[in-house]
Protein chains: 2
Amino acid sequence: MEKKNIVFIAQSLDGYIAGKNGELDWLHAIPNPDHIDMGFNALMNEIDAIVMGRTTFETVCNFGGDWPYPKPVFVLSNSLKNIPDRLKDKVSLTNGRPQEIINKIHSKGYLKLYIDGGTTIQSFLKENLIDELRITSIPILLGGGFSLFGDLIEPMKLELIASKVFLNQIVQNCYRCKKIYL
Amino acid sequence: MEKKNIVFIAQSLDGYIAGKNGELDWLHAIPNPDHIDMGFNALMNEIDAIVMGRTTFETVCNFGGDWPYPKPVFVLSNSLKNIPDRLKDKVSLTNGRPQEIINKIHSKGYLKLYIDGGTTIQSFLKENLIDELRITSIPILLGGGFSLFGDLIEPMKLELIASKVFLNQIVQNCYRCKKIYL
């Protein structure tokens, strides 16, 4: 069975995933009256489980409404001790180094993983653990905030595998990480 | 006559226009055997003059070979005192605040301007003086370097006007700056 770690995330044109004060409202800057999902549902069908950082988990919890993920979610945290009762059959806590986390999740039979959250994505990229980046660019310059990408030890070559435009305004590019350092 | 300030620049997927040590070799990471120009020649035909910072000017000078710009170049610098003799009919020095610089260049009859260089682009964007961003994304993560975009006082909405893929790997997106703060 193929193992795969996929990032699927939206950023501003200047590379932020949240504004200076954590704002996410700009994600909806382009009207989407028909609620097209831009690949989210296809991703959910493709993966076995989701791995996200604590901040992303808490952000999703604060959205209210129905829990959006139809697959098991692993939340990375050293500080969280409990999952809210309503999510106990959907969410588990884990921690460790990125490779250890992946190994633990693989050992449970979940091989295709959606990796989410800025800190998590950055730490997985730094250890060369991401196979595919699916980046959706919202046409806005935020001028500051939390960056999607962080430092790397070495540059990493990518291979463009798809480029789409949604709603005539939102560009989504999918890249395979070559895992060959330059 | 229409006035227009256009940015045309290549970045890494993580938003850098030069590597940690100024490296630019990654700009050629994708083989381009037929030397397709990805819009450079069309831009040269469209503009009246080029405005660039000192670092970009010195970088272009160090490339050696023929001078690449068929239009007058204005170099922004407070420190440079002289232009090399071979470029005296092609390049002039100027300085001042972004709006003053634009006014000076407009008064000479040059209305459509190509704005180049990281510091220059950032200072012009900060003062809302850019009309169009043409951003070419090379499929590589540099993991550090000189960022294309900097801080802004307020977020700036953009409008996607074109999205193209060159060489099956390089995505070029053109955005109109709406000049309406959110």
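The values are calculated or read from the model by the stated rules, or taken from the named source; none is laboratory data. Please read these numbers as outputs of a predicted model, since none were measured by experiment. Every residue, glycine among them, receives a Cβ derived from its backbone with ideal geometry; neighbour counts consider all protein chains shown. For accessibility, only protein heavy atoms count, side chains too; no ligands or nucleic acids. Shrake-Rupley method; radii C 1.70, N 1.55, O 1.52, S 1.80 Å.
Taking region A:112-128 as the range and being touching a strand residue (DSSP E or B) at 6+ places or on another chain (Cβ under 6 Å) and within 14 Å of another protein chain (Cβ to nearest Cβ) as the test, the residues that pass are A:GLY118, A:ILE121, A:PHE124, A:ASN128. Looking for something in a loop (DSSP other than H, G, I, E, B), within 13 Å of chain A (Cβ to nearest Cβ), modelled with pLDDT of 95 or more and surrounded by fewer than 17 Cβ atoms within 10 Å (Cβ to Cβ) - is there at least one such residue anywhere in region B:93-108? No - not one qualifying residue is present in region B:93-108.
So, in region A:1-17, of the ones that are more than 12 Å from every other protein chain (Cβ to nearest Cβ) and of a type outside the set (D, E, K, R), which residue ends up farthest from A:ASN62 (Cα to Cα)? I'd like the intermediate steps shown before the answer.
Of region A:1-17, the ones more than 12 Å from every other protein chain (Cβ to nearest Cβ) are A:1-6, A:8-10, A:17.
Now narrow it down to the ones that are of a type outside the set (D, E, K, R): A:1, A:5-6, A:8-10, A:17.
Working: A:MET1: 35, A:ASN5: 26, A:ILE6: 24, A:PHE8: 20, A:ILE9: 18, A:ALA10: 18, A:ILE17: 17 Å.
If we take residues in region A:1-17 being more than 12 Å from every other protein chain (Cβ to nearest Cβ) and of a type outside the set (D, E, K, R), then A:MET1 is farthest from A:ASN62 (Cα to Cα).
Within 14 Å of chain B (Cβ to nearest Cβ), among the acidic types (Asp, Glu) and open to solvent by 50 Å² or more (accessible area, probe 1.4 Å): does that describe A:GLU23?
Values: within 14 Å of chain B (Cβ to nearest Cβ): yes; among the acidic types (Asp, Glu): yes; open to solvent by 50 Å² or more (accessible area, probe 1.4 Å): yes.
Yes: the conditions hold for A:GLU23.
Only one of the numbered conditions (1) in contact with a helix residue (DSSP H, G or I) (Cβ under 8 Å, 6 or more places away or on another chain); (2) open to solvent by less than 70 Å² (accessible area, probe 1.4 Å); (3) more than 14 Å from chain A (Cβ to nearest Cβ); (4) at pLDDT 95 or above is not met by B:PHE57, and that is (1).
Contact annotation: no residue pair with Cβ atoms under 7 Å, 6 or more positions apart or on different chains, pairs a residue in region A:114-127 that is within 22 Å of A:GLU2 (Cα to Cα) and of a type in the set (A, V, I, L, M) with a partner that is modelled with pLDDT of 95 or more and open to solvent by 40 Å² or more (accessible area, probe 1.4 Å). Is it the case that some residue within region A:155-178 is loosely packed, with under 13 Cβ neighbours inside 10 Å and in contact (Cβ under 8 Å) with a residue 24 or more places away in the chain? Looking for residues that are loosely packed, with under 13 Cβ neighbours inside 10 Å and in contact (Cβ under 8 Å) with a residue 24 or more places away in the chain, one finds none in region A:155-178, hence no.
Among what's in region B:121-153 and is among the aliphatic types (A, V, I, L, M) and open to solvent by 10 Å² or more (accessible area, probe 1.4 Å), pick the residue that is nearest to A:ARG134 (Cα to Cα).
First pass over region B:121-153, keeping only residues among the aliphatic types (A, V, I, L, M): B:121, B:125, B:129-130, B:133, B:135, B:138, B:140-142, B:148, B:152-153.
Those still in the list that are open to solvent by 10 Å² or more (accessible area, probe 1.4 Å) too: B:129, B:142, B:152-153.
Working: B:LEU129: 31, B:LEU142: 17, B:LEU152: 26, B:ILE153: 29 Å.
Here the answer is B:LEU142.
Would you confirm whether or not region B:4-19 contains a residue that is over 30 Å from A:GLU132 (Cα atoms), in contact (Cβ under 8 Å) with a residue 12 or more places away in the chain, of a type in the set (Lys, Arg) and surrounded by fewer than 17 Cβ atoms within 10 Å (Cβ to Cβ)? Yes, the conditions are met somewhere in region B:4-19.
Conditions (1) modelled with pLDDT of 95 or more; (2) within 14 Å of chain B (Cβ to nearest Cβ), marked per residue:
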| residue | (1), (2) |
| --- | --- |
| A:TYR110 | yes, no |
| A:ILE130 | yes, yes |
| A:SER163 | yes, yes |
| A:PHE166 | yes, yes |
| A:LYS178 | no, yes |
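There is no residue in region B:22-40 that is part of a strand (DSSP E or B), touching a residue at least 24 places away in the same chain (Cβ under 8 Å) and closer than 26 Å to A:ARG176 by Cβ.
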